[in-house]
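Here is the structure we will look at, set down as structure tokens.
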Amino acid sequence: MASFSSYAIIAATVLTVVAGQCPNITSRAGWGARPPKATAVMRLPVSISVIHHSVMGEGNCTTTPECIGVMQEIQDFHMDGNGWDDIGYTFLIGGDGVIYEGRGWNRTGAHSPGYNDISIGICLIGNFMDHLPTTGQLEAAKSLIKCGVERNFITNDYQLYGHRDVRDTDCPGDMLYEEISLWPEKATPAP
Ligand SMILES: [Zn+2]
């Protein structure tokens, strides 16, 4: 089974090189991630993408060195404060417009209980209750999802949710929620 998954990932990667549509993603090594305590492989493709905001790092992640610091703070909080195995999100996007690898495409996350093993969780760093993320952050989120579809990590007919669609929370903030509601793939709240 593992060899089949590996083959599928390699095949998808080769396809992506041909398509050439994927944005740069700063790897875990690139932001100095701690190793996870444990990992679980997630079955791909998933049919749901969930958008989050971090609240943590608000106003303190406009340059890449700052965003790397915030990435490490979020991971420390998730692992040491919440007791999780790793940073919770699949990917995070800084105010610098850079995409940072969280758990990565094929690892089950900790971001939306009930949906963690069937969705990609994308967190935009900041608090978006009363203002929007940067244009760079929003464009990066769209291009990351597009890339996931092209690589067949996300299904072609995926549904887009804000965290509040699947849990009682303010996340991803009023302004960001309003923004993603205009994106064509936005689904109505989950039952
Ligand atoms: Zn959230």
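The values are calculated or read from the model by the stated rules, or taken from the named source; none is laboratory data. Since we're looking at a predicted model, the values are computed, not measured. Here the Cβ is made from the backbone with ideal geometry for all residues, glycine too, and neighbour counts use every protein chain on show. Only protein heavy atoms, including side chains, enter the accessible area calculation; ligands, DNA and RNA are left aside. Shrake-Rupley method; radii C 1.70, N 1.55, O 1.52, S 1.80 Å.
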Would it be correct to say that Val41 is more than 16 Å from the ligand (Cβ to nearest atom), open to solvent by 50 Å² or more (accessible area, probe 1.4 Å) and either at pLDDT 95 or above or among the aliphatic types (A, V, I, L, M) (or both)? yes
Any idea which residue in the range 168-184 is farthest from the chain's Cα centre (by Cα), counting only those that are in a loop (DSSP other than H, G, I, E, B) and within 12 Å of the ligand (Cβ to nearest atom)? Asp168
So, Pro189, is that one modelled with pLDDT of 95 or more, in contact with a Gly (Cβ under 9 Å, 6 or more places away or on another chain) and more than 13 Å from the ligand (Cβ to nearest atom) or not? no
Tell me, yes or no, whether the range 139-150 has at least one residue that is modelled with pLDDT of 95 or more, open to solvent by 30 Å² or more (accessible area, probe 1.4 Å) and in a loop (DSSP other than H, G, I, E, B). no
Residues in the range 72-85: is at least one within 23 Å of Ile145 (Cα to Cα) and more than 16 Å from the ligand (Cβ to nearest atom)? no
Would you pick out the residues in the range 109-151 that are among the polar types (S, T, N, Q) and away from the ligand (no atom under 16 Å from the Cβ)? Thr134, Thr135, Ser143
Assess whether Ile154 counts as being away from the ligand (no atom under 16 Å from the Cβ) and open to solvent by less than 50 Å² (accessible area, probe 1.4 Å). yes
Hey, any hits in the range 27-37 for a residue that's farther than 20 Å from Tyr89 by Cβ and either surrounded by 13 or more Cβ atoms within 10 Å (Cβ to Cβ) or at pLDDT 50 or above (or both)? no
When you scan the range 46-60, how many residues do you find that are modelled with pLDDT of 95 or more, in contact with a helix residue (DSSP H, G or I) (Cβ under 8 Å, 6 or more places away or on another chain) and not aliphatic (A, V, I, L, M)? 4
